[in-house]
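Nothing in this text is a laboratory measurement; each read-out follows from the coordinates by a stated rule. Please read these numbers as outputs of a predicted model, since none were measured by experiment. Positions of Cβ are backbone-derived with ideal geometry, glycine not excepted, and every protein chain shown enters the neighbour counts.
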């Protein structure tokens, strides 16, 4: 059985809001796997969806550039190791150069984008700052009405693509996507494996026990429909006017959402969190043995 560390318990508590002993027990039963522990807790107690893991491997910034006629746009993520470097003027100037080249070339291949001058500049900046810097991803959206939004801390950026409507509406929808983070555009777009996993969790919850199969099915479908609406852009209450759903906002303007791209700094990458005091103690211990 995997050892249950304090950091595992801390992460599970932060993501679920449950007590320390309950989290520790759940982690033991899941052999130290936080995601499995969350799934088991949801099955056993009806716990709502947990927060996403907050440990991200990379800092840095995201940025967006949209053409003057709103016919296409580019979104990029450039990573540094710390937020201190992400605020450095030299780093931010480098990001702008990368963005400008990606925009000019409509280039989504990072290796091709960085080949030559930009890669030389990246290496020089790494030498100067002393941190690793990498261009992680680039996306180009073209056609229809395009606009974008970058959150004030440069950690979340979105480009939206509309059929019909105006650029201002596209930007409003991009702001909504940045704030609410929908998984898909329409309920029917939700991947089947995600729906199947959610059904499995709902069926295993305590209030389903002992009920006839047809009642379980009816209750499950009601909860699935709610899950799909909450995760679908067009079904979400618009962040600037919760009385109106995003789909209705768009149809009122004779517009429809074609696609959106949302980048959040470091999403999907895990970063080992090291306690500074423990790190120093380990270094002292190691040096005393040498």
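Extension gain residue 120-residue 223, at 0.36 nm per residue separation less the Cα-Cα distance, in nm?
31.8 nm
Could you rank the peptides 165-171, 104-110 by their average count of other C-beta atoms within 10 Å per residue, with the highest value first?
165-171, 104-110
Stretched out fully, how many nm does the piece from residue 111 to residue 256 gain, at 0.36 nm a residue minus the Cα gap?
Length difference between fully extended and current span is 48.8 nm.
When ranked by the protection proxy of mean other Cβ atoms within 10 Å per residue, highest first, what sequence do the peptides 195-205, 145-155 form?
The peptides rank, most packed first, as 145-155, 195-205.
With each pseudo-label sitting 7 Å past Cα toward Cβ, what's the residue 28-residue 214 distance in nm, one decimal?
4.4
Taking the Cα-to-Cβ direction at residue 96 and at residue 183 and moving 7 Å from each Cα, how far apart do the two end points lie in nm?
4.0
Quick one: grab Rg to one decimal and Dmax as a whole number for segment 58-111, Cα atoms only, in Å.
Here Rg and the maximum Cα pair distance are 11.9, 36 Å.
For the chain, modelled as a GNM with alpha-carbon contacts under 10 angstrom, which of 159, 215, 76 fluctuates the most?
215
Quick one: compute the contact order of the chain, relative version, from alpha carbon pairs under 8 angstrom and 6+ residues apart, as a percent.
With pairs under 8 Å counted, the relative contact order is 20 percent.
Take peptides 61-72, 254-265 and line them up by average Cβ neighbours within 10 Å, highest first, as a rough protection proxy.
In decreasing order of mean packing, 61-72, 254-265 become 254-265, 61-72.
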